[in-house]
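First comes the structure, then the notes that go with it.
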Amino acid sequence: MATFVTRSQWGARAPRDVSTSITPGQGGVVVHHVDAVKVAEPSHADCAAQVRGIQAFHMDSNGWSDIAYSHLACVHGYLFQGRGENVRTAAQGTAQGNDDWYAVCALTGGTTVDYDVITAGLVDAVRYGINRLRVSGGAAAAIAGHRDHHSTDCPGALYGRVINGELNPGGGPLPYPGVSFRQPPATVHASVATWQYRMNSAHGFSLTVDGQYGPGSDAACRSLQSRRALSVDGVVGPATWGATFA
């Protein structure tokens, strides 16, 4: 299991304000990375300073009350306490995202062709962070990438590991988020974007990845259900979600 590093151990500044107005049972956990350039520290001795630097940037440059993330994970297998459980984040880029979702940030970065090494320790630390947020913070089962909430490439090369379920603490395919997608009216949820991306990448569809379950998503769902001999009702429930991510 990853080693947990408390705020006092990494030298965190006190937050200016703490908001407990969060409903993570309606969302889940979002995975982030730091930047579009490689940032992983070769030596773990430098990771605490890196986290302090992120907190300083968020508080002094962005004007936020604290570091944006719930927790941060390094490639050496350590999980740094951020805002922690039951505290609203500032990481997702949307008000609803911050209301309903926690955030775990990997201390990595880069492009699709030049990314920091994703170590077993990093994967373990991210899983540990997600599990803490579920067990102690009431997070729903859903795991999404930052890109599912906001126009960004974040979390870079880690997004494929979100989709294939590798970052799920329980292992196996990406867990059903607990929300059935249907329309009309169109279900709007970050996990819809995760599903749309998987439908395109694994099943050959060309959906707009926008997090809105409209007529195009409904038609694609019915097509997949027919292929998999499922009930063709256009609703992404547990069985259709499982078939999508199998």
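Across the chain, Cα pairs under 8 Å and at least six residues apart give a relative contact order of 20 percent.
Based on DSSP H segments of at least four residues, each scored -39500 (n - 2.57), the chain has a per-residue ellipticity at 222 nm of -9000 deg cm²/dmol. Converting phi to 3J(HN,Hα) with the Karplus coefficients 6.51, -1.76 and 1.60 and the offset θ = phi - 60°, the range 56-64 yields 4, 5, 5, 7, 8, 8, 8, x, 7 Hz in sequence order, with x at every glycine or proline.
Note on exposure: 32, 149, 44 ranked by accessible area (1.4 Å probe, complete protein assembly) read 44, 149, 32, with the most exposed listed first.
For the range 81-197, the gyration tensor built on C-alpha atoms gives a rounded shape. Its axis ratio a/c (a ≥ b ≥ c) stays under 1.5.
The overall shape of the range 81-144, judged from the alpha-carbon gyration tensor, is oblate: a/c is not under 1.5, and a/b is no greater than b/c. Fraction of C-alpha pairs exceeding 24 angstrom in the chain: 43 percent, rounded to a whole number. Could you tell me whether the range 112-151 comes out rounded, prolate or oblate from its Cα gyration tensor? Rule is a ≥ b ≥ c as square roots of the eigenvalues, rounded for a/c under 1.5, then prolate if a/b exceeds b/c, otherwise oblate. Oblate. So for the range 105-246, averaging the separation of alpha carbon pairs under 8 Å that are six or more residues apart and normalising by length, what relative contact order in percent results? That works out to 20 percent. Across the range 148-246, the fraction of Cα-Cα pairs farther apart than 17 Å, rounded to a whole number, is 48%. The fraction of accessible area contributed by carbon and sulfur in the range 1-104 is 48 percent, rounded to a whole number (1.4 Å probe; ligands and nucleic acids excluded). As a size descriptor, the averaged projected area of the C-alpha convex hull of the range 1-129 was calculated at 7.6 nm².
For a paramagnetic label modelled on residue 232 (point 7 Å from Cα along Cα→Cβ), amide N atoms under 17 Å away belong, within the range 177-221, to 216-221. Under 19 Å from a label point set 7 Å out along the Cα-to-Cβ vector of residue 117, the amide N atoms of the range 28-56 belong to 34, 37-48.
Report the calculated FRET efficiency for residue 200 and residue 6 (r = Cβ-Cβ distance, R0 = 51 Å), to the nearest 0.05.
About 0.80, to the nearest 0.05.
Taking the range 1-19 and a reference point 7 angstrom along Cα→Cβ of residue 56, the backbone N atoms nearer than 16 Å belong to 10-14.
Accessible surface for the range 150-209, divided over its residues, is 43 Å² per residue with a 1.4 Å probe.
The values are calculated or read from the model by the stated rules, or taken from the named source; none is laboratory data. Keep in mind that this is a model prediction, so the values were computed, not measured. For neighbour counting, all protein chains shown are included, and Cβ atoms are generated from backbone atoms with ideal geometry for every residue, glycine included. We work out accessible area using only protein heavy atoms, side chains counted, and drop any ligands, DNA or RNA first. Shrake-Rupley method; radii C 1.70, N 1.55, O 1.52, S 1.80 Å.
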